[in-house]
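Laboratory data are not the source of any read-out in this text; all were calculated from the coordinates shown. Keep in mind that this is a model prediction, so the values were computed, not measured. Note that we place each Cβ from the backbone using ideal geometry, even for glycine, and neighbour counts take in every protein chain shown.
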Amino acid sequence: MLHIAYLMALLPLAGFAVLVVFGKRLGDPLAGWVGTVAVFGAFVVACIALGGLWNEPASARHFTENYFSWIAVGGLQVKVGLFLDPLSMTMCLFVTGVSALIHLYSIGYMKDDSEYSKFFIYLNLFVFSMVLLVLSDNLLVTFVGWEGVGLCSYFLIAFWHERDSAASAGKKAFVYNRIGDAGFLIAVFLIFSKLGTLDLPTIFAHRHALGGDATTAVALLLLLAATGKSAQIPLFNWLPDAMEGPTPVSALIHAATMVTAGVYLLCRMNSVLALTPDARWVVAVIGGVTAFVAATIASSQQDIKKVLAFSTVSQIGYMTLAVGTGAYIAAIFLMVAHAFYKALLFLGAGSIIHGLHDEQDLKRMGGLARVLPWTYGTFLAAWLAIAGIPPLAGFWAKGDVLSNVFRKSPVLWALGVVTAILTAYYMTRLFVLAFRGDQRWAHAVSGHAPEPPHECPWVMRVPLVVLAVASFAGGILDLPFVHTAGLSSWLGPVFSNSLFVDHEGAGLQSGLAVIDGVAAVIGLSVAWWAWRREWDRPALEPAFLQRVWYWDDFYDAIIGRPGQVLAKVAATTVDGRVIDGAVNGVATLVRKSASGVRRLQTGYVRNYALGIVLGLAAVVAFLLSRVWWS
Amino acid sequence: MIAAAAAANATIHVPAIRYLAIMPVIILLGGAVLLLAAQSLVRRPLRLRFATVSTVVISLGAFALAWWQWTDVMDHGPYTTIAHAVVSDGFSVLVTVLVTSAMVLFALVAEGYLAREGIEGSELHVLALVSASGAILMAQANDLVIVFLGLEILSIALYVLTAYNHKRSESGEAGLKYFVLGGFSSAVFVYGIALTYGATGTTNLTQIASFLSRNVLVHDGVLLAGMSLLLVGFAFKVAAVPFHMWTPDVYQGAPSPVTGFMAAVAKAGGFAAFLRVFVSSFGVLRADWRPIVYVLAIVTLLVGAGLAVVQRDIKRMLAYSSINHAGFVLLGLQAASAAGVSAALYYLFAYAFMVIGSFAVVAVIGRSGDMEHDIASYRGLARSQPLFAFAFALLLLAQAGIPFTTGFLTKFQVVVASVDGHSVPLAVVAMGSAALAAFFYLRVTVLMYGPERAAEEVPATATAGGALFAPASELRTRLNAALLLEDVPAAPRVAAAATGRVPVPPLAAVAVGICVLVTVVFGVFPAPLVDFAHKATLLFLP
């Protein structure tokens, strides 16, 4: 059953190919259905593969298969194969599952878009790249997937490229990601130069041969890669702008799947990370600080998608924190749970935006509970889940992370708890502003009342309901009191020698859980009290937070402007004078000398024969001179 | 050696023959004879489609046999036959595969060409089949006499092929030039054989090698003179500077499909024998010939790239570009190592597809009469025939050595072999010439994707995208200046023709498609082809 695993990647690729060729002809909605069926197929294959892997004994749950040799030049042997173990299996399951639901949702959401089929082309290509990234047994092929998802992300952010803001947001995302990608590449070079292979199992087996400094460097470079892809400090600014893309894209790529690729990469390389405690501290601190900073920003944004974007950054910060702690399983647990509820939040937001005719400002929403009942009900589950109210998925997942962090560093734990309060606060603020209070959207903006919002079609409702159930009950994947039967025992073998094991007593654990619950309730009630009546409280939305801690302005000042000056100098002086001068000089030289030599090409056979004779004479003279001189 | 045995016994001694070794040659030659016989038995000229199909079938038969040979050589190792005059090893099989594939592609391209030019009869196919068998024989030769035999079979057919289009005077002129100079260089070559025989007492390549390794000849004048004559003979055939001067004229004059065939097959045959004779037979003397090849390679690289820049005729440009490519292959020879030979073989193989595809496009764009070869004819091709232009652009970029095409690895491998052979300056010159060469490939590409009209007519708004500091019209003028195109007119005649699509014969399109496919697929997945060349070199006799 495991031998069909390659279909997980191949089916979306096939969907992509079909849509590239026939997409336009299939049109709306058939093209969407083709894409959706391809990804559903991949999900079914993933389920079958899961069955196959489950039946193996715990110690033998890994499966590698080589398909073909991609590059074989000298010492560099790159084989394309897959590496299926509980970690990549888990990733594949939720990636294909969530993707399938969001594909289904997109059929409704993208209806009547002028480039309907193109959207699904990109979406299918994205799923293929993501599965490639996850399943590859070779770092270079992983990098291909890594670049592939980045490329699709760029295409999809800038999908409505007629809008300047969308086009520049796409560029911003691409540039920020390139910085991270450079880190990935250098890490790959470093590993290859030290170990002479890019094969993952071989790297794991020979990780000790890397040497101390190189290991730390590799870990930090991979962290740089992760901060780019997973939008962590210092490269997190692109994600909020990425919300310019269509909402299903935000849900799929910029919330549930792609942005977790960085965390996945770090988990995948856990045995290398295990060798370098220093680098792990850096990972943990970056994760903790990102979680906190992003949560503060999320508490004062007005655009519903921006709130969710910063919330995503914050939640991934938790995952990074868990990775730095060594609590990889907790990180994956949170990743899966987060995929469910964050995808749901985005899809719900999409449903609101869809219903309100592209209105994204929270201040112009309100009172939507009555007009959008399905959206309201499902959003309710997602809100409570992310806020960390027991017994929903978010409570268990976040609790798992925090109880591990407590042992590693109480300071980071405290930061995590404060972040948890903030999380409950900003989500409640969003919920209240959107669904409760006055129906502010009904007030005439430009003289006449807008038409009332409408609930979304069934293709969009089904994913909402499925994800709501998953967000509600996702916690059963890994309840703390049954660690032996859940995700922990399943993923345990992958992280066997690097996992941070907390040996806390049941009492301490329950205590920590109570603190988590209380934190959630505090944040929730404060927000409820503050925003229930009022919808405009400038005091609670300081400019410092609204402008993202002036982070973008800072980058603009230290990198953007000097860069522009440099570019201007380079364009006018360096390029205009130096480079063009050199190029033109070479060109003139070639031209002059060529027209000289050209004159030899007379067209007369006798001259050509003379050339041969002279050449021959030179060769003979050279050889005979060797005879005489020796 | 045979002669000596025969003289002693005064009876004709028939050596043992392993037919598998010479089967591809027999099929090609036999097929040619059959085709010729069929032609002479019917009153009217054979139908073109019949000639094409039978040529393709014959070539595919030889191609299939080459693969049989491959498995045979892989399983049982290389061997010599017919009194050690002919060898079957990985090296020869690779060249056989190359030549037979080139033959198939040639037949596909030629059909549309002949139909358009209204040339009847199947002589073109017959001659090409004969010529191909000569190239294979050169790769299989284990005796200087057989090398010469192959060389002549290859060349004489090519002289006629060059002059084949009797409706173009250039064609005849080129054929005559080629014939005279070819005869001249053959004489040089034969004299080289004679001197080598005089110095070593044998013409058999294996025996020359063993003679040289057993006897220490400290700078034997006769031997060195013989070697230099052989070197010149080969250098003429592969068009190394300064023995290249026939190339632009012949490439330009020959019918375009023939030019592609010549660039691929003659070069492959010539280099195959060149590599075998010098790396294996004269391997002991490498200290003597490597400096010569070193200088030859540098001059060939620079003259090829430099003169291609100033050409306005696409066929002449591609001719100089092929000289530049020959310089790269010389890098592999100059390395005089297994890696060098393998890199050279890979180069020849990959180049064959690029150049046949390129000349197939040239043959089509040449339009009726095969005359439209000014690069201005390619202006705006991308707009009228996007797919065709894209294929041509890919083939040109592959020749320039862009990654993800076979062209990148070809250059990469020879340069690596050269560096490993401690010829770093040569490698640097090669890379510099590649940069120079990129210019004229890109120039055609830019022309194809540029506007159809000439510079001054283009409205400024058309190029709003790229203009940062210069207004669009100025940018356009600068671009034209940079491409050395100030003097390329909009060419009213061409412009009139360019507005209409050039009809693309379906079989030519198939051939171009195959070439592009091979170039790109093995560029992205280089392993099989690199492996092929590598294994071919492992099984290298003597």
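Some values worked out for this structure:
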{"item": "Dipole in debye (nearest 20) - the stretch B:38-160, about Cα centre, beta carbon charges: Lys, Arg +1; Asp, Glu -1", "result": "560 debye"}
{"item": "Backbone HN-Hα couplings from phi across the stretch A:399-416 [Karplus 6.51/-1.76/1.60, Hz, Gly and Pro as x]", "result": "x, 4, 4, 5, 5, 5, 5, 3, 6, 6, 7, x, 5, 4, 4, 4, 4, x"}
{"item": "Debye, to nearest 20: dipole size of the stretch A:160-242, +1 on Lys, Arg Cβ, -1 on Asp, Glu Cβ", "result": "60 debye"}
{"item": "Listed residue (A:ILE304, A:PHE406, B:ASN204) projecting farthest to the positive dipole end of the protein assembly as shown, Cβ model", "result": "B:ASN204"}
{"item": "Within the protein assembly as shown: Cβ-based charge dipole about Cα centre, in debye rounded to nearest 20 (Lys, Arg +1; Asp, Glu -1)", "result": "1360 debye"}
{"item": "Percent RCO, i.e. relative contact order, over the stretch A:109-149, from Cα pairs under 8 Å lying at least 6 residues apart", "result": "34 percent"}
{"item": "Chain B - percent relative contact order, Cα under 8 Å, separation 6 or more", "result": "16 percent"}
{"item": "Eligible aspartates and glutamates near A:LYS172 by straight Cα distance, threshold 17 Å, same-chain separation 8 or greater", "result": "A:GLU147, A:GLU162, A:ASP164, A:ASP181, A:ASP241, A:GLU244, A:ASP552, A:ASP553, A:ASP556"}
{"item": "Phi to ³J(HN,Hα) by Karplus 6.51 cos²θ - 1.76 cosθ + 1.60 over the stretch B:398-409, Hz, x for Gly, Pro", "result": "4, 5, 6, x, 6, x, 6, 10, 5, x, 5, 5"}
{"item": "Amide hydrogen neighbours beyond the local backbone of B:ASP143, cut-off 5 Å, H modeled", "result": "B:LEU205"}
{"item": "Set of lysines with alpha-carbon distance to A:LYS194 below 21 Å, sequence-local pairs under 8 removed", "result": "A:LYS79"}
{"item": "Scattering profile of the protein assembly as shown at q = 0.05, 0.06, 0.09 Å⁻¹ [log10 I(q)/I(0), Debye over alpha-carbon scatterers]", "result": "-0.44, -0.62, -1.09"}
{"item": "Where Rh is the Kirkwood radius over Cα pairs, Rg/Rh for the stretch B:295-405", "result": "1.02"}
{"item": "For chain A, with +1 on Lys and Arg beta carbons and -1 on Asp and Glu, the positive-most of A:PRO12, A:ILE191, A:ALA594 along the dipole", "result": "A:ALA594"}
{"item": "Among the listed pairs A:LYS568/A:LYS592; A:LYS171/A:LYS398; A:LYS229/A:LYS342; B:LYS167/B:LYS237; A:LYS342/A:LYS398, those beyond 22 Å (Cα-Cα)", "result": "A:LYS568/A:LYS592; A:LYS171/A:LYS398; B:LYS167/B:LYS237"}
{"item": "Charge dipole (the stretch B:1-158, unit charges on Cβ, about Cα centre) - positive-most of B:HIS125, B:ALA21, B:ILE153", "result": "B:HIS125"}
{"item": "For the stretch B:133-146, 3J(HN,Hα) per residue [Karplus equation, 6.51 cos²θ - 1.76 cosθ + 1.60, θ = phi - 60°, Hz, x = Gly/Pro]", "result": "5, x, 4, 5, 4, 4, 6, 8, 5, 10, 8, 4, 5, 5"}
{"item": "Candidate lysines - alpha carbon under 16 Å from A:LYS111, same-chain residues fewer than 8 apart omitted", "result": "A:LYS24"}
